[in-house]
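Structure, as C-alpha cells:
Values in this text are rule-based calculations from the coordinates and carry no lab data. Bear in mind that the values here come from a model prediction, so they are computed numbers and not experimental data. Note that we place each Cβ from the backbone using ideal geometry, even for glycine, and neighbour counts take in every protein chain shown.
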Amino acid sequence: MPAAIKTTINFTPTFYYKLKQVATQQKKPMNLCIEEMMNPVLDKLQKEQLKRMYKAFFEMAGMIKDGPTDASTTIDEYLYGWGDSPRPPEEHGR
C-alpha cells in the first residue's frame with residue numbers, strides 16, 4: 001500500500017455521524033470508506049473535464065482541407081517563413 005497522506009477535514013456533525021455509522025457497518029476505517037465512495041465520483045469528474053477540454057480540438061478536426069504536401073522536407077521554410085529567400089548561413093551546417 002502506498003504511503004498515506006494525513007490531512008484534516010471538517011464535517012458537519014450530521015455528516016460525521018452518518019459516515020461513522022457506514023464505517024461501523026462496513027467494519028472499515030472512515031478514511032477507507034470515503035476513498036472507496038469518492039474514487040468513482042472523482043474519476044467521473046476528471047473524465048468530464050477532459051471531454052470539455054478536448055471538445056474544441058475535436059471540433060477543429062478536418063477544418064484544414066489543403067495544406068502543404070512537402071512540409072516534411074521544407075519544414076524550416078514553413079516554420080520560419082523563409083519562402084524563396086535563402087536560408088541564413090548558420091542553417092547550412094557551417
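Just a few scattered comments:
- Charge tally in the Cβ shell below 15 Å around Gln49, where Lys, Arg are +1 and Asp, Glu are -1, Gln49 excluded: +3
- Modelled spin labels at Phe15 and Ile64, positioned 7 Å past Cα toward Cβ, are 4.7 nm from each other.
- Positive-end residue, the chain charge dipole about Cα centroid, Cβ charges, pick of Tyr54, Thr14, Met30: Thr14
- Between Met38, Met30, Met63, the GNM of the chain built on Cα springs shorter than 10 angstrom shows Met63 fluctuating the most.
- Size of electric dipole in region 13-92: Cβ of Lys, Arg +1 and of Asp, Glu -1, about Cα centre, debye, nearest 20: 1320 debye
- 3J(HN,Hα) along region 58-71, derived from phi through the Karplus expression 6.51 cos²θ - 1.76 cosθ + 1.60 where θ = phi - 60°, amounts to 5, 5, 7, 4, x, 6, 9, 8, 9, x, x, 8, 10, 4 Hz, with x in place of Gly and Pro.
- Cross-link reach list, lysines versus Lys47, counting only Cα pairs under 27 Å and skipping chain neighbours closer than eight places: Lys6, Lys55
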